[in-house]
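Some notes on the structure that comes next.
Just so you know, all these numbers are worked out from the coordinates, no wet-lab data involved. A quick note: this is a predicted structure, and the numbers were derived from the prediction, not measured.
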């Protein structure tokens with residue numbers, strides 16, 4: 001765990017961050033590496049475990065994401081597809097990437113299961129996340145998210 005953190009950039013603004021140059025870089029690993037650096041903008045994808053999401057259940061995912069916006073994350077884009085979701089955001093201190101994804105995935109899964117009267121996992125165990133390192137990377141990722 002980091003003992004100190006630099007001040008975050010102005011909220012709502014993209015700032016290029018090279019995670020490998022940050023003295024505060026945190027690296028976590030399951031099957032995929034997960035990097036965290038203060039002020040970074042993240043492109044995150046998480047996938048459904050099995051069934052496709054209906055329009056109604058996708059609305060529940062959007063609601064879970066929006067509950068975090070401006071309180072835990074600075075959201076730039078969110079696209080919910082039938083079998084996966086893309087998000088582009090920055091963390092708001094003191095929250096960590098894993099906390100945000102657990103909150104979004106946990107709340108949306110609970111609500112989806114309640115709506116469908118079922119139990120079990122909705123999302124795959126691990127998400128893909130990438131730190132956007134330059135401005136054009138953000139535009140590229142937004143276009144990628146919009147096209148599925």
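Taking the centroid of alpha carbons for each part, the range 56-125 and the range 21-39 are 21 Å apart. Taking all Cα pairs closer than 8 Å and separated by 6 or more residues, the relative contact order of the range 23-102 comes to 32 percent. Only Cα pairs under 8 Å and 6+ residues apart enter the sum, and on that basis the relative contact order of the range 58-109 stands at 41 percent.
Decide, for the range 24-146, between rounded, prolate and oblate: order the square roots of the alpha carbon gyration tensor eigenvalues as a ≥ b ≥ c, take rounded if a/c falls under 1.5, and otherwise choose prolate if a/b is larger than b/c, else oblate. Cα axes put the range 24-146 in the prolate bin. I need the shape label for the range 30-83. Rule: rounded when a/c is under 1.5, else prolate if a/b > b/c, else oblate, with a, b, c from the alpha carbon gyration tensor. Verdict is oblate for the range 30-83. Here the range 87-137 is treated as an ellipsoid with the same Cα gyration tensor; its semi-axes, largest first and in whole Å, are 27, 12, 9.
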